[in-house]
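Have a look at the structure below, then the notes.
Every read-out reported here was derived from the displayed coordinates using simple, explicitly stated rules and does not represent laboratory data. Bear in mind that the values here come from a model prediction, so they are computed numbers and not experimental data. Don't worry about glycine lacking a Cβ; one is built from the backbone with ideal geometry, like all the others, and counts go over all protein chains shown.
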Amino acid sequence: MNYFCAMRIDILTVVPQLLEGPFSHSILKRAQDKGLTEIHVHNIRDYSLQKQKQVDDYQYGGGAGMVMCIEPIVRVIDKLKAERAYSEIIYMTPDGEVLDQSMANQLSLGGNIIILCGHYKGVDERIREHYITKEISIGSYVLSGGELAAAVLVDSIVRLIPGVLNDETSALTDSFQDNLLSPPVYTRPEEYNGWRVPEVLLSGNPALVEKWREEQALQRTKDRRPDLLSNE
Ligand code: 6GU
């Protein structure tokens, strides 16, 4: 019996073209090729019953900007939920909880997810009240839509699924996994334009190298992101 079940990610958007590139190359492509995850992008417009395939409308109360309608979004979500179980239905929005490594870690363990990308002025609030289980932002700035944010979220999750990364790309040595930034890295040549690689890295002494890397990681974190050291 095989209990293995790939994590499935379904992304709902009105601009699927924006998500064609990010999942078709490198680590995210390999994760899908290995059968470790399935990423499906759905065009919400395909679920509109309006003659012009409309997916947005004017906001009640007036004001500039369109709002994404409930009906086509509910139609996609209900169809997906009838096919399999989902552990989260996520809405990408600048007023959501800010993504960090611990959130990515949790979602990578958690099972199938649906990600709704906001556009225009956002979605009808009733979708958020009755369907969405988690709202995520990727930082304190405004993007034109949730698609690029969704790509960031998916990348941060998928690389953590066991088997996606190999030893060379291991997530265990990533910045943030231990609340530390990564130390500097060097490759050939040993000297370029008079700039030498730190001698300790050429010493062939793994213990010394490890000690140097830990010191550098700590110093870099103190200099650039002291907040990571204080909010334990
Ligand atoms: Cl998730 N969406 C949009 N539109 N802007 C953002 C964001 C999300 N996260 C940060 N800025």
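Summary table
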| read-out | value |
| --- | --- |
| Residue within segment 86-102 that is surrounded by 15 or more Cβ atoms within 10 Å (Cβ to Cβ), free of Cβ contacts under 8 Å to residues at least 60 places away in the same chain and charged (D, E, K, R) present | yes |
| Inter-residue pairs, beta-carbon under 7 Å, first under 15 Å from Leu12 (Cα atoms) and in segment 27-56, second among the acidic types (Asp, Glu) and crowded, with 16+ Cβ neighbours inside 10 Å, 6+ apart | His40/Asp10; His42/Asp10 |
| Matching residues, segment 124-149, being in a loop (DSSP other than H, G, I, E, B) and within 18 Å of Val74 (Cβ to Cβ) | Asp124, Tyr131, Ile132, Thr133, Gly146 |
| Residue, surrounded by the fewest Cβ atoms within 10 Å (Cβ to Cβ), within segment 1-33, restricted to residues that are part of a loop (DSSP other than H, G, I, E, B) and among the aliphatic types (A, V, I, L, M) | Met1 |
| Condition check for Lys121: surrounded by fewer than 19 Cβ atoms within 10 Å (Cβ to Cβ) and assigned to a helix (DSSP H, G or I) | no |
| 2 or more residues in contact with a Ser or Thr (Cβ under 8 Å, 6 or more places away or on another chain) and within 16 Å of the ligand (Cβ to nearest atom): qualifying strands (runs of 3 or more DSSP E) within segment 34-105 | 88-98 |
| Pairs, first surrounded by 12 or more Cβ atoms within 10 Å (Cβ to Cβ) in segment 211-232, second polar (S, T, N, Q) and outside any helix (DSSP H, G or I), C-beta under 6 Å, six or more apart | Leu228/Asn179 |
